[in-house]
1. At 1.4 Å probe size, put MET264, MET175, MET166 in order of accessible surface, largest to smallest.
2. Once you've got the GNM for the chain with C-alpha springs shorter than 10 Å, pick whichever of ASN380, ASN348, ASN315 has the biggest mean-square fluctuation.
3. For PHE126, PHE396, write out the residues from largest to smallest accessible area, computed with a 1.4 angstrom probe and no ligands counted.
4. Run the 1.4 Å probe and let me know the accessible area of THR337, rounded to the nearest 10 Å².
5. Under the rule a/c < 1.5 gives rounded, and otherwise a/b versus b/c splits prolate from oblate, where does the stretch 216-315 land using the Cα gyration tensor?
6. Aspartates and glutamates within cross-link reach of LYS362: Cα-Cα under 18 Å, excluding same-chain residues under 8 positions apart?
7. Averaged over all directions, how much area does the convex hull of the C-alpha atoms of the stretch 42-87 cover when projected, in nm²?
8. Structure shown: which of LYS256/LYS330; LYS196/LYS256; LYS132/LYS253; LYS336/LYS371 lie over 22 Å apart, alpha-carbon to alpha-carbon?
Amino acid sequence: MNRTIRAPRAARRRALRLAALCTVALPWAATAGPTIEFGQGSTLNFTYGLQVWNEHRSFTSSTNPSSSSDTFLRRNRLALTGQYNDMIGFYAQLEAGGDGRGGDNDRSVYWRDAYVTFDYSDALRFIVGRVKNTFSRENLEACLEPLTLDRAEVLSYTPFAGTRDMGAVVWGNLMDAKLQYRLMVADGREGQYVPKGKPRVTARVHVSLWDPEFSYGYLGTYLGTQKVLTIGASYDTQSDVAYGNYLSRSDIKDYKARTIDAFMELPTSSGVYTASAAVFDYDTGGAFGQSPDPALSVNSDLKGHYLKAGYMLPNKLGPGRLQLFARHEKLDYGVKTGNAEYFDNTWNGVGFNYYIDGQRVKITGEFNRIKFDTQHPVDNALRDYRQATLALQLIF
């Protein structure tokens with residue numbers, strides 16, 4: 001990738017156009033579907049992604065302790081990636097995920113992403129619209145190209161606005177893409193329960209010590225095609241985001257969050273070794289444990305960390321490649337019910353990816369044991385349980 005960055009002006013413009021085409025949709029770039037060219041540099045690309053999961057859990061719901069088995073569409077997406085010219089592009093993604101989960105069929109289709117990109121240079125790029133928030137590495141990792149089955153169910157998502165937010169991002173690569181910066185100004189938490197409508201501001205920086213990770217999105221594994229060692233840090237903040245005492249509309253709280261993360265992938269003759277880790281601290285001044293508004297999330301004062309590791313065999317096993325992985329995750333909510341902290345828990349999981357055609361066609365299996373620090377006496381969702389998932393993925 002350094003050759004692209006240092007290329008002459010004409011080649012550099014072509015490279016920037018390609019980079020703009022895949023800027024946030026990078027994980028789909030290598031597996032993109034058909035492309036229509038309209039002349040004068042305008043293009044439109046279609047990509048379809050599907051994940052079918054079969055999930056077994058040792059409980060059904062908070063009130064039903066019986067084991068459950070559920071087959072559903074975890075993700076079901078149609079993405080449109082386009083370029084108006086060398087500088088201006090766009091990305092839009094339709095989603096109908098979760099269809100069939102828990103008996104909830106015929107899910108509505110909605111726009112998960114919709115934004116415009118402006119790429120002045122590799123060092124100065126802009127995104128405007130509904131886009132992934134830029135706080136954590138794991139949220140920015142492609143959900144169709146992770147190392148483990150999926151992201152953390154809670155830890156990698158910020159308490160407000162979830163995975164996406166509406167706003168603007170300025171970002172770019174410096175020092176031959178060894179250093180990347182991002183600054184996002186977005187809506188953050190909105191609605192009737194917010195004391196004041198202040199903007200959310202997120203800043204992120206990472207340093208790539210080996211091969212650069214030069215795109216807005218990351219991958220959970222590069223399948224041994226790159227030698228990567230990247231260290232990143234982020235800060236996320238929004239003022240006047242919640243009331244500590246909602247009934248009296250007093251004790252206004254600010255939100256702030258920090259994370260530090262590291263990712264390594266090392267291809268060798270003995271196989272591909274992957275490791276990833278991060279620590280998180282979400283802080284809303286302890287509002288949830290006081291008398292908060294009804295919509296305040298339980299993870300608004302969450303602390304935690306995860307560790308992930310993977311190993312891919314050096315040669316094919318049958319028609320595909322086998323990758324083994326493990327994940328450890330610890331969550332401390334800081335929420336008490338009386339003297340008990342029922343939400344705090346630990347995840348430990350192991351699994352495999354079997355790549356039949358890279359990420360385009362793969363089978364994933366994962367088994368997890370979830371252990372709570374204190375067992376809830378009646379709520380099955382807050383008691384120890386086991387979960388096993390078998391997944392099929394197709395990208396076209």
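The values are calculated or read from the model by the stated rules, or taken from the named source; none is laboratory data. Keep in mind the model is a prediction, meaning the values are calculated, not measured. No Cβ is skipped: glycine too gets one built from the backbone with ideal geometry, and neighbour counts run over all protein chains shown. Keep in mind that these areas ignore ligands, DNA and RNA; they rest on the heavy atoms of the full protein, side chains included. Shrake-Rupley method; radii C 1.70, N 1.55, O 1.52, S 1.80 Å.
1. Details: MET264 55, MET175 135, MET166 90 Å².
Listed by decreasing accessible area, they come as MET175, MET166, MET264.
2. Result: ASN315 has the largest fluctuation of those listed.
3. Numbers: PHE126 80, PHE396 120 Å².
Putting PHE126, PHE396 in descending order of accessible area: PHE396, PHE126.
4. For THR337, the solvent-accessible surface is approximately 80 Å².
5. Details: a/c = 4.57, a/b = 3.48, b/c = 1.32.
Because a/c hits 1.5 or more and a/b exceeds b/c, the stretch 216-315 counts as prolate.
6. GLU55, GLU141, GLU145, ASP150
7. Details: hull surface 20.0 nm².
Mean shadow area of the hull around the Cα atoms is 5.0 nm².
8. Numbers: LYS256/LYS330 20 Å; LYS196/LYS256 16 Å; LYS132/LYS253 25 Å; LYS336/LYS371 17 Å.
Where the Cα-Cα span goes over 22 Å, the pairs concerned are LYS132/LYS253.
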